[in-house]
1. Find which of B:Ser79, A:Ser102, A:Ala58 sits farthest along the positive direction of the dipole of the protein assembly as shown, computed with +1 on the beta-carbon of Lys and Arg, -1 on that of Asp and Glu, about the Cα centre.
2. Skipping prolines and chain starts, which residues have an amide H placed within reach, meaning under 5 Å, of the one on A:Leu202, given they are 5 or more residues away or on another chain?
3. Which of the peptides A:182-194, A:153-165 is most tightly packed, and how do the rest follow, judged by the mean count of other Cβ atoms within 10 Å per residue?
4. Rounded to the nearest 100 Å², what's the accessible area chains B and A bury against each other, both chains counted, probe 1.4 Å?
5. Collect residues whose amide H, placed 1.01 Å from N in the peptide plane, falls under 5 Å from the amide H of B:Ser79; neighbours closer than 5 in sequence don't count.
6. What cysteines in chain B have no other cysteine with a beta carbon less than 4.7 Å from their beta carbon?
7. What residue among B:Gly146, B:Gly49, B:Gly90 shows peak mean-square fluctuation when chain B is described by a Gaussian network model with Cα springs under 10 Å?
8. Only bridges with both residues in chain B count here: give the DSSP antiparallel percent, nearest 5.
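The values are calculated or read from the model by the stated rules, or taken from the named source; none is laboratory data. It should be emphasised that the depicted structure is a prediction, and the values quoted were computed from it without experimental measurement. Every residue, glycine as well, gets a Cβ built from its backbone with ideal geometry; the counts of neighbours run over all protein chains shown. Just so you know, the surface numbers come from the protein's heavy atoms only, side chains and all, with ligands and any DNA or RNA stripped out. Shrake-Rupley method; radii C 1.70, N 1.55, O 1.52, S 1.80 Å.
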Amino acid sequence: MKAALRRLPAALAVLGFWTALWILLARFVGQELLLPSPLAVLRTLASMAGTSAFWLAALRSILRVLAGLLAATVLGVLLAALTEKSALARLLLSPAMTLVKSTPVASFIILALLWLGRDVLPAFITALMVLPVVWSNVSAGLAGRDRQLLELAAVYRLPRLRVLRHITIPSVLPHFRAALRSSLGMGWKAGIAAEVLTVPPLSIGKNIFEAKLYLETTQLFAWTLTVIVLSLLIERVLLRLVGRIGQKGGGACADA
Amino acid sequence: MLTLENVSVSFGERSVLRGCTLSLAAGERLALMGPSGCGKTTLLRLALGLQRPDAGTVENTFLRPAAVFQEPRLLPWRSALENVALVLSGDAARETAQFWLERLELGETAALCPAALSGGMQQRVSLARALAFSPDLLVLDEPFKGMDEALRERVTALVSEALPKGALLIATHSEAEAEALGCRILRYDAGRFVGA
């Protein structure tokens, strides 16, 4: 908390710098259609935030992305456990994950649109973007477990659950946290991009698409600002949650 | 009963054990002595089932084996007490762990993390964990490293006393240690360990 307070003046100064630059650019361009001023965007955002449609759209988008994140996390952990046990599974799955990582998200969105409903698709795309990151990080955590500790568990014939709780989970948690840290933002952005292309009812993406369609640039900026703020908030809340779980699972010396 | 029959182990070109035979009955105590790299640790790993021999057979019918390795092998994310309690079950696990830490003169460090302990202290936590387990076979691989002479004597006496019926297999460089533990000594000779 103290560290955050110490960083606050510098953060405000940086924010002030970029806002000032935005104001100057908006004045220089002089057309709200091309570049609205920060004040106009904030005014639009305030009026949007006064409607229930805004909150419903935000809530539905958040839920879609969270569903995708949850699915990717569960599936990523399960697949990592499978590929740790089976060399054949690893051999089969590795190229598939590489393929997913290197394919442009837009290609997946358009392809998936052929198979899935527009309400499910953003969650699917989020999951698809997050899954390889969770899988590869958790796999690295499993592979990096201390062999000497596993031997110790074998000698004392520790039950599997105890090995999982005391050796496996604490070994994997730092990798899992790193996976979430690096994929949360990516998953959120991919989910919103999927919404823009599939325009499901009650979604941020649909509003962004319509703002673009009707050349409502100020609204487009306001929705984009919403996406950025929500992204930061979700990332902070989820990482704090995982951090808490990490402290509990990591044990008394988790930070040692 | 632990029986190793004609076991051989090689690491690449280097042959470590060649047709080695050894048996250890309940209550028996054996010390393996020999120069570094002669295969003492390999033999202990065979006994614990952590390694397979290239030839020969290993049979271990002990039900509660415990080991202290050359490294303490403590969970870095658990306190000393939790490390000892790790191998124990039931409601009294923490009390038992505390009891054995106190016996190894580590009572006040129970809540400390391994990183806050010296190498010798970590090794004693590892010993406390093995003794708290009430093993019927205790395997020790140079377990008293990092302890001063007086402490080593006290801990040796404690191990001897704490294992009234259990079998003991120890790899050591110290004949005095082996004698203090009441062990029959087997010395390395051309790929085997033979009795005096």
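1. Positive-most Cα among the choices belongs to A:Ala58.
2. When sequence neighbours closer than 5 places are left aside, there are no close amide H contacts.
3. Values: A:182-194: 22.4, A:153-165: 15.0.
By packing density, highest mean first, the sequence is A:182-194, A:153-165.
4. Numbers: alone 9400 and 15910 Å², together 23230 Å².
When B and A are taken together, about 2100 Å² of accessible area is lost.
5. A:Ala252, A:Cys253
6. B:Cys20, B:Cys38, B:Cys183
7. Its mean-square fluctuation being the largest, the pick is B:Gly90.
8. Details: 16 of 33 bridges.
Beta bridges within chain B, antiparallel portion: roughly 50 percent.
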